[in-house]
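As structure tokens, the structure follows; a few thoughts come after it.
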Amino acid sequence: MQRKIQNPLLAAIAEERQAAGKSQERMAGELHVSRAAYGLYETGERDWPPGVLERTIELLASPRLRVLACTACGTGVLAGMPYLDRIDRHPVVQREVFVAEAEEAQGALTALRLINKLTPGDLDASDRRALLEAAVELEDVLVAAVALKCELARRFGAGLLDEARRLHNQKLLDRGYWSARGAAAAARARQSA
């Protein structure tokens with residue numbers, strides 16, 4: 001009897017594997033591990049060996065799994081970010097959620113009064129509340145943006161995320177927001193991951 005999976009990432013791996021029409025045995029073969037070992041990884045009864053989780057996500061070509069893995073890792077901008085699994089996954093609905101969150105964030109950011117305020121000591125209680133509200137709204141935008149991007153990639157091709165990342169990186173370079181040295185370091189980090 002298989003135990004109930006508590007980890008959202010592990011549950012999502014099982015769902016995405018089944019949606020892709022792949023058995024645990026097939027996944028195990030593609031990963032070069034035994035079927036029994038794969039079953040233990042997927043149920044959380046055994047830790048994933050280095051690289052096997054990443055390869056599983058790659059084989060399933062699931063943007064959702066990429067986001068869940070990133071949010072579960074505890075590092076980076078997506079660490080701890082929820083995946084919006086309780087809203088309709090249709091791209092139009094996802095887009096409307098994102099637009100609503102972006103409008104709320106714009107309002108909160110517009111309300112900030114930070115002229116001549118450069119350190120925490122420059123903020124009064126009202127400034128701190130407004131800054132906290134703006135930060136919460138920005139978190140909402142990030143979550144909605146990731147959900148929308150993942151759904152678009154899921155429906156229209158997983159390569160969308162990679163191409164979008166490449167174009168975005170070039171845009172950052174072109175605008176002077178990112179140095180060529182920083183871009184090269186990020187590329188090396190991605191290749192070694």
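Tabulated results
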item	result
Residues within the stretch 161-184 that are loosely packed, with under 11 Cβ neighbours inside 10 Å, more than 21 Å from the chain's Cα centre (by Cα) and aliphatic (A, V, I, L, M), tallied	2
Helices (runs of 4 or more DSSP H) fully within the stretch 1-56 counting 1 or more residues that are closer than 17 Å to VAL67 by Cβ, of a type outside the set (Phe, Trp, Tyr) and at pLDDT below 90	8-19
The stretch 170-191, subset assigned to a loop (DSSP other than H, G, I, E, B) and either touching a helix residue (DSSP H, G or I) at 6+ places or on another chain (Cβ under 9 Å) or of a type in the set (S, T, N, Q) (or both), residue modelled with the highest pLDDT	TYR177
Any hit, the stretch 123-132, residues being among the polar types (S, T, N, Q) and either assigned to a helix (DSSP H, G or I) or under 27 Å from ALA100 (Cα atoms) (or both)	yes
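The values are calculated or read from the model by the stated rules, or taken from the named source; none is laboratory data. A quick note: this is a predicted structure, and the numbers were derived from the prediction, not measured. Glycine gets a Cβ as well: all are built from the backbone with ideal geometry, and neighbour counts include every protein chain shown.
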